[in-house]
Amino acid sequence: MRYPTGYIIRMFLFLGGIGGIAYLLQAPLMRAFFGNPIINGIILSALVIGIIFALRQTIKLIPEYRWMKAMRLALAKDSETITHLRRPNLLATVAVIFSDPDRLSNRLSAQSLRSVLDGVAVRLDESREISRYMIGLLVFLGLLGTFWGLLETIQSVSFVVNGIDTQTGDFGALMAEFKAGLNAPLGGMATAFSSSLFGLAGSLVLGFLDLQLGQASGRFYADLEDWLATTARFGDAGVEGFDPALSMGLSEETADRLLELTRHISKNEQERGASIATMQELTHTLTKLREQQEQLHRIPESLDRLQQSLNSMAQNMTSDRTETIKAMTTELRALSRAVAAISRKAK
């Protein structure tokens, strides 16, 4: 895979040679240019625009080559880096195809390959339409200047012929008048030939640049075709998971449809398995929540039993305290009687 730098170098060398020739012929070219500066200026402006466009279209192939090279490396190493590549212009269709994960797992069919290459060929051909138009425009402007100059020449000759006084006897004055009248026709001829000169020379320059652009585009198309041919399949026998005997009785488009359906079914099975696992996890979570809810329902019952136990304990403590007080009162009374008896005996 070679970049179009060789064609760009040829263009600049050719333009340098044309510039050198124009420098050597500077004096006559300036006289020709001032024969009609307006028409010749338009022709040279169209020439400059065409040169810039041809160079620009050729240079624009370099980013496409870089993307193609980066894509080849990405496909060879890691397909996840494909989405990070800069989107190309001419290879926009190829970028869309290789950005699809389903396409990466299966090679392009021969029909898809031909469709992609046809789309790229159309884009390459459209990129040269302006260059071809500029070549025709230069020829048209040259012919337009030619007919404009011839029209001026015819009108001037008519004025000169009608203005000659044939009745005068002074031959010198007659020739002086005739010589002065020829300046306008000669100016018209200068316009005609100078515009033709610049128009045809400009079309020659743009023709060579368009030739180099066409060769660069052809090389780019050939490199793209060679690369895509390595990623394409030209039969269904090499496709994993597809029966070769089945493809024998099917068209390529139908086989592709079946392969696409198989991929969708496999994807749906994976999604169904993931959904079942999610539902099982959800069921387990709901079971835990139900158990926790049952435990929450048992808490009030436990609190009621605890309250009953506390009430019973309080009642028991109250009864025990009453009995203790009664026993202590009885003992104190008995003790008081004993003390009183002892006091009486002492007296």
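Which order results if S131, S302 are arranged by neighbouring Cβ count within 10 Å, fewest first?
Listing S131, S302 from fewest to most nearby Cβ atoms yields S302, S131.
Tell me, I265, I43, I8 in order of fewest to most beta-carbon neighbours within 10 Å?
I265, I8, I43
Can you tell me the length gained on complete extension of the stretch L211 to L335, counting 0.36 nm per residue apart and subtracting the Cα distance?
Between L211 and L335, full extension yields an extra 30.5 nm.
Counting other C-beta atoms within 10 Å, and keeping those with at most 15, which DSSP coil chymotrypsin sites (Phe, Trp or Tyr not before Pro) do you find in the stretch 1-36?
Sparse-neighbourhood loop chymotrypsin sites (Phe, Trp or Tyr not before Pro): F34.
Would you kindly state how much longer the chain becomes between S115 and L282 on full extension, computed as 0.36 nm times their sequence separation minus their alpha carbon distance, in nm to one decimal?
Fully extending the segment from S115 to L282 adds 55.3 nm.
Quick one: what do you get for the stretch 296-347 if you divide its Cα Rg by 2.2 N^0.38 Å?
Output field value: 2.28.
Between E260 and Y23, how high is the FRET efficiency from 1/(1 + (r/R0)^6) when r is the Cβ-Cβ distance and R₀ = 45 Å? Nearest 0.05. Show your work: numbers first, answer last.
Values: r = 64 Å, r/R0 = 1.42.
For R0 = 45 Å, the calculated efficiency reads 0.10.
Stretch R305-S319 to full length: gain in nm at 0.36 nm per residue minus the Cα-Cα span?
2.9 nm
Throughout, read-outs are computed from the coordinates displayed, never taken from laboratory work. Predicted, not measured: the structure shown is a model, and the values here were computed from it. When we count neighbours, we look across all protein chains shown, and the Cβ atoms used for this are built from the backbone with ideal geometry, even at glycine.
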